[in-house]
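The values are calculated or read from the model by the stated rules, or taken from the named source; none is laboratory data. Everything numeric in this text was worked out from a predicted model, so none of it was measured. Cβ placement follows ideal geometry from the backbone for every residue including glycine, while neighbour counts extend to all protein chains displayed. For accessibility, only protein heavy atoms count, side chains too; no ligands or nucleic acids. Shrake-Rupley method; radii C 1.70, N 1.55, O 1.52, S 1.80 Å.
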Number of protein chains: 2
Amino acid sequence: MSKTLERRTKQRESLIDAAENAIRAKGLAGLKTRELAQEIGVANGAVYNLVADVDELVLMVGSRTLARLDAELSAAESDGPPAPEAALVRIALAYCDFAANNLELWRALFEHRMAPDKLLPDWAISDQMHLFRHIHQPLALLFPHRATEEISITARSLFSAVHGMVALGLEQKLIAVPLALLRREITTMVKAMVTGLVAASAGS
Amino acid sequence: MSKTLERRTKQRESLIDAAENAIRAKGLAGLKTRELAQEIGVANGAVYNLVADVDELVLMVGSRTLARLDAELSAAESDGPPAPEAALVRIALAYCDFAANNLELWRALFEHRMAPDKLLPDWAISDQMHLFRHIHQPLALLFPHRATEEISITARSLFSAVHGMVALGLEQKLIAVPLALLRREITTMVKAMVTGLVAASAGS
C-alpha cells in the first residue's frame, strides 16, 4: 500500500470512529462534519475525499452497528434451548437489550433517510437482510411446509412487531415503560404470536 | 371578543393551517416558521405572539391529526361485527390506512421530539391516551377478569406491535411492502396475537 493510500485509509477509519462517537453521544442530529473534520485533524472539505457524502458516512457507522447487533443475536440464538419459540423470545429480548444499550446508534439505523434522489447501496441492503436469518431459521422449523418467501414475510412481520414494541417502549414520551416490564411484554407477545400463528397454520 | 383578540384567533388558526399543510407536503423537517409567517402575512417574529414556540405549533397540528385518527378508529370500531377479535383487526387496519393516507402528518406524531428541557403538556398527553380506549374496550371484553391496569399494558403492547408493522411497512427503505400485503399481514398478526393471548390466559 502506498504511503498516501495508507494515510487515507487511517483517516477514513478515524472519521468513521468520530462519526460513531458523535451519533452515540448526540444522536444522528448531532452529527456535524465540520466538527468531525476538526476532531480528526483535516480541513472541512477534506472529509469528502474520505467519504462521498454524509449518507455514506452514516451508512458506514450503521454497518458497524448492524455487525455488533448480528453478533449479539447470534449469541442469543445459541444461548439456550433450541426450541424455535424459546429461540425467538431470546432473539427478541437480545434485540431489545441491544437497542436499550446502543440507543442513539440503533435509532440512527431507522431515522436516517437517504437524499431523495439516492438509493440505498446494495452492500447496505445486504447487511440488513442478512440479519433476518436469525428470525427466519426458527420460523422455518415451526413451519417446515411453508415456502421460503412466505416465511420471509412472516419474519418481517414478527420483526416489525417487536421493533415497534422496542421503539415505542424506549421512546421518552408517550409509551415509555421500565425495561423489565418491556422485556416481560415482549416475551408475552412473541409467545402469543408464535402460538397464534401455529394455531392458524394447524387450522388451515 | 375584542377586535384584536378576534384577529389574533384567526391568525392563529391560519398559522396552524399553514403548518399542517407544510408538514403534509414536506414532512416535519420541511416546517419553516419564516415561510409560515410569509404565508399568513405576518412578520417573522409575530409568529411567536401566536404560539409559544415551534413545539407548541407542532403539538397543535398533532392534536388535529389525532382527532381525525380518533374519528376513523371510532368508525372502524362500529363498522362490523362486535366480536372483540374482529374489532381489533378492523381498528388495526384503520390505523394502517390512516397512516398510509396521512403519511407525513402521522410520521410527525412520532418524529417530533420536544426540546430536551421541556415536557409534553398535559393536554397533549390526554389527547394521546384517549385513543387507547379503542384497543382497551375489545381487550376488556376478551379478558373480563383482568385489572384495568393490566389491560392497559396489553393495549400498549398490541398498539406498539401494529405500529411497528405499519411504520416499517410504509418506510421507503428496507421493509417497504405493498399496502395490500401489509394489510393482510396485520390481519394475520393481530389474529395470532389475540389467539395466543387468549390461549395463554386460559392455560394460566
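Residues in segment A:47-74 that are of a type in the set (A, V, I, L, M, F, W, C), open to solvent by 30 Å² or more (accessible area, probe 1.4 Å) and touching a helix residue (DSSP H, G or I) at 6+ places or on another chain (Cβ under 7 Å): A:Val54, A:Met60. Per the listing A:Ala94, A:Ala108, A:Ala100, the residue uniquely more than 12 Å from chain B (Cβ to nearest Cβ), within 22 Å of A:Leu69 (Cβ to Cβ), touching a Leu at 6+ places or on another chain (Cβ under 8 Å) and surrounded by fewer than 19 Cβ atoms within 10 Å (Cβ to Cβ) is A:Ala100. Per the listing B:Ser157, B:Ser126, the residue uniquely over 22 Å from A:His112 (Cβ atoms) and within 10 Å of another protein chain (Cβ to nearest Cβ) is B:Ser157. Scanning segment B:31-45 for residues that are part of a helix (DSSP H, G or I), at pLDDT 90 or above and of a type outside the set (D, E, K, R) yields B:Thr33, B:Leu36, B:Ala37, B:Gln38, B:Ile40. When segment B:130-150 is limited to residues that are of a type in the set (A, V, I, L, M) and either more than 20 Å from the chain's Cα centre (by Cα) or within 11 Å of chain A (Cβ to nearest Cβ) (or both), the one that is surrounded by the fewest Cβ atoms within 10 Å (Cβ to Cβ) turns out to be B:Ala147.
Listed conditions (1) within 11 Å of another protein chain (Cβ to nearest Cβ); (2) under 16 Å from the mean Cα position of the chain (by Cα) are all met by A:Val177, apart from (2).
Taking segment A:1-30 as the range and being open to solvent by 30 Å² or more (accessible area, probe 1.4 Å) and not in a helix (DSSP H, G or I) as the test, the residues that pass are A:Met1, A:Ser2.
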